[in-house]
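S.K.: One structure, pasted below without further comment.
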Amino acid sequence: MIELLAKRWIRNYKSYQDPDVRKGYGMLCSIVGIVLNVLLCAVKFFAGTISGSIAITADALNNLSDAASSLITLIGFWFAGKAPDPEHPFGHGRIEYLAGLAVSMLILWMGADLALTSVKKLFHPEPVTGGWLVSVILVISILGKLYMYYYNHTTAKKIDSAAMEATAADSRSDALSTLVVLVCTLITVLTGLKIDGICGIFVSLLILKTGFDAAKDTISPLLGQPPTKELVQEIHQLVLAHEEIVGMHDLVVHDYGPGRMMISLHAEVSGNEDIYLLHDVIDNVERELSEHFRCEAVIHMDPIAVDDEAVLAMRLAVAKAMREIDPVITIHDFRMVQGPTHTNLIFDAVVPYGFRLSDAALTAEIHQYIAEKFPHCFAVVKIDKDYTGNEDE
């Protein structure tokens, strides 16, 4: 159904990374979610009323919260699709993350409220009745929620949306919750065991877990998370495909919302080449990055010695020495400045976040190691952090 509606209402509906197409899919799925959740809430509230089951009634209210969640997502996609303005020069894409966070908070609130109601039901159990009509309603609800999970999940993958993935996870959790309610209702009716409260607690725990997982997935990009290894590899391949660029480092990817990135990096080039030619190459690479990833790209050009055998040999020796200190350490921006009494070895040492030594302790160890291994040499070192795992030596 979503694909048919997309063909009718979204122009260029297969251009999933286009901001207008992303906005169209987000709003379309949200509207469908509002309609389906309101319908499910109505039929399950009716089933809960005639059966006297707190678990079914709570499940109905959960569908009502899902309709509200879809409304929040709808608003989020609407505002996230707004063009940049003087107050927000990088656009409004992070509003989509905020919408996902709001959805997760609503899920957590519903889970906590259901848990409290279910605990009360344990101490004050009431008889639960049911029949084929209640069972049919619950089965239809399960199928409806599985369909909602399917279209939200597949669309989230196509347009890379954390908010829609949170909605999909909620739909999957709801389907499982309703299945538990159905089983517990049948057990209660067939055996007379009053397990409605226990069933409600179990459902609430499933809802709470979904809320926590959804919150984690939306808070992480808001706080700032590293790019995926696949994205880093793509950037490396595109940049290093130009023979004038012999290495790259200090890659940073800023995320301002889906489809709104800023990429900055340092590109190593030969110090002997014509600077105007190299500048033209860098401009072309920035343009390629911008077109390929739909981002803003900024490249800093680092000239290095590529034909000085003494510098190259010392660079390799220092790189090997750093690996002897710890195999994870790599180097870049290596230079040699020779003086009458000693030679300065100037370089950046790159370590991952969470490295076993502090920056100060590592700097002291490098100074000592270089002094012992290379007499008359002094290390002028800066410690860099690597979150990409792809630094070059």
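S.K.: When you go through 175, 215 one by one, which is the residue that is at pLDDT 80 or above and closer than 16 Å to residue 37 by Cβ? Can you show your working first?
M.R.: On the way: 215 fails: closer than 16 Å to residue 37 by Cβ.
That would be 175, the only listed residue that is at pLDDT 80 or above and closer than 16 Å to residue 37 by Cβ.
Residue by residue, here is whether (1) modelled with pLDDT of 75 or more; (2) within 21 Å of the chain's Cα centre (by Cα) holds:
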| residue | (1), (2) |
| --- | --- |
| 50 | yes, no |
| 53 | no, no |
| 80 | no, yes |
| 86 | yes, no |
| 92 | yes, yes |
| 95 | yes, yes |
| 98 | yes, yes |
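S.K.: Then there's this: Considering every residue within the range 209-217, establish whether at least one is without any contact (Cβ under 8 Å) to a residue 24 or more places away in the chain and within 25 Å of residue 384 (Cα to Cα).
M.R.: no
S.K.: Right, next: Looking at this structure, is residue 327 exposed (fewer than 12 other Cβ atoms within 10 Å of the Cβ) and closer than 30 Å to residue 253 by Cβ?
M.R.: Details: exposed (fewer than 12 other Cβ atoms within 10 Å of the Cβ): yes; closer than 30 Å to residue 253 by Cβ: yes.
Judged against the criteria, residue 327 is a match.
S.K.: For the range 56-67, indicate whether the set of residues that are at pLDDT below 80, surrounded by fewer than 23 Cβ atoms within 10 Å (Cβ to Cβ), in a helix (DSSP H, G or I) and under 19 Å from the mean Cα position of the chain (by Cα) is non-empty.
M.R.: Checked the range 56-67: no residue is at pLDDT below 80, surrounded by fewer than 23 Cβ atoms within 10 Å (Cβ to Cβ), in a helix (DSSP H, G or I) and under 19 Å from the mean Cα position of the chain (by Cα).
S.K.: While we're here: In the range 6-62, which residues are of a type in the set (Val, Ile, Thr) and under 30 Å from residue 261 (Cα atoms)?
M.R.: Within the range 6-62, 10, 21, 31, 32 qualify.
S.K.: Return a yes/no flag: does the range 259-278 have any residue that is touching a Lys or Arg at 6+ places or on another chain (Cβ under 6 Å) and not assigned by TED's automatic domain parsing to the domain that holds residue 335.
M.R.: yes
S.K.: So how many residues does the range 342-377 have that are in contact with a helix residue (DSSP H, G or I) (Cβ under 7 Å, 6 or more places away or on another chain) and among the acidic types (Asp, Glu)?
M.R.: Count: 1.
S.K.: Just to check your reading of the model, which residue among 133, 182, 122 is surrounded by 15 or more Cβ atoms within 10 Å (Cβ to Cβ) and in a helix (DSSP H, G or I)? Walk me through it before giving the result.
M.R.: Working: 133 fails: surrounded by 15 or more Cβ atoms within 10 Å (Cβ to Cβ); 122 fails: surrounded by 15 or more Cβ atoms within 10 Å (Cβ to Cβ).
Matching residue, one of 133, 182, 122: 182.
S.K.: Is it fair to say residue 362 is closer than 30 Å to residue 97 by Cα and at pLDDT 90 or above?
M.R.: Criteria not met by residue 362.
S.K.: For the range 355-370, which positions are out of contact with any strand residue (DSSP E or B) (no Cβ under 7 Å at 6 or more places or on another chain) and of a type in the set (A, V, I, L, M)? Don't jump to the end; show me each part of the working.
M.R.: Taking the range 355-370 as the starting set, the residues that turn out to be out of contact with any strand residue (DSSP E or B) (no Cβ under 7 Å at 6 or more places or on another chain) are 355-358, 360-361, 364-365, 368-369.
Residues satisfying the conditions are 357, 360, 361, 364.
S.K.: Quick test for you: out of 108, 179, 146, pick the one residue that is within 21 Å of the chain's Cα centre (by Cα), more than 28 Å from residue 20 (Cβ to Cβ) and in the same structural domain as residue 49 (by TED's automatic domain parsing).
M.R.: 108
S.K.: I'd like the full set of residues that are surrounded by 14 or more Cβ atoms within 10 Å (Cβ to Cβ) and within 27 Å of the chain's Cα centre (by Cα), limited to the range 1-13. Show your work before the answer.
M.R.: We begin by selecting, within the range 1-13, every residue surrounded by 14 or more Cβ atoms within 10 Å (Cβ to Cβ); these are 2, 5-6, 10, 13.
Within the range 1-13, 2, 6, 10, 13 qualify.
S.K.: So which residues in the range 149-167 are under 15 Å from the mean Cα position of the chain (by Cα) and over 14 Å from residue 62 (Cα atoms)? Spell out how you get there, then give the answer.
M.R.: Looking only at the range 149-167, we keep the residues that are under 15 Å from the mean Cα position of the chain (by Cα), and these are 153, 156-167.
Those that are under 15 Å from the mean Cα position of the chain (by Cα) and over 14 Å from residue 62 (Cα atoms): 153, 156, 157, 158, 159, 160, 161, 162, 163, 164, 165, 166.
S.K.: Now for a different question. Would you please name the residue that is farthest from residue 137 (Cα to Cα), looking only at residues in the range 44-69 that are in contact (Cβ under 8 Å) with a residue 12 or more places away in the chain and among the hydroxyl-bearing types (Ser, Thr, Tyr)? Reasoning before the result, please.
M.R.: To start, the set of residues in the range 44-69 that are in contact (Cβ under 8 Å) with a residue 12 or more places away in the chain comprises 44-48, 50-69.
Filter once more, keeping what is among the hydroxyl-bearing types (Ser, Thr, Tyr): 51, 53, 57, 65, 69.
Details: 51: 12, 53: 14, 57: 12, 65: 19, 69: 22 Å.
By that ranking, first place goes to 69.
Matching residues to (1) charged (D, E, K, R); (2) crowded, with 22+ Cβ neighbours inside 10 Å; (3) not in a helix (DSSP H, G or I); (4) not assigned by TED's automatic domain parsing to the domain that holds residue 192:
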position	(1), (2), (3), (4)
15	no, no, yes, no
23	yes, no, no, no
40	no, yes, no, no
44	yes, yes, no, no
47	no, yes, no, no
50	no, no, no, no
69	no, yes, no, no
73	no, yes, no, no
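S.K.: Any residue at all in the range 370-381 that is surrounded by 17 or more Cβ atoms within 10 Å (Cβ to Cβ), among the small types (Gly, Ala, Ser) and modelled with pLDDT of 90 or more?
M.R.: Within the range 370-381, one or more residues are surrounded by 17 or more Cβ atoms within 10 Å (Cβ to Cβ), among the small types (Gly, Ala, Ser) and modelled with pLDDT of 90 or more.
S.K.: Looking at this structure, is residue 163 under 27 Å from residue 4 (Cα atoms) and buried (at least 21 other Cβ atoms within 10 Å of the Cβ)?
M.R.: yes
The values are calculated or read from the model by the stated rules, or taken from the named source; none is laboratory data. On a predicted model such as this, the values are computed, not experimentally measured, just so you know. As a convention, Cβ positions derive from the backbone with ideal geometry for all residues, glycine included, and neighbour counts pool all protein chains shown.
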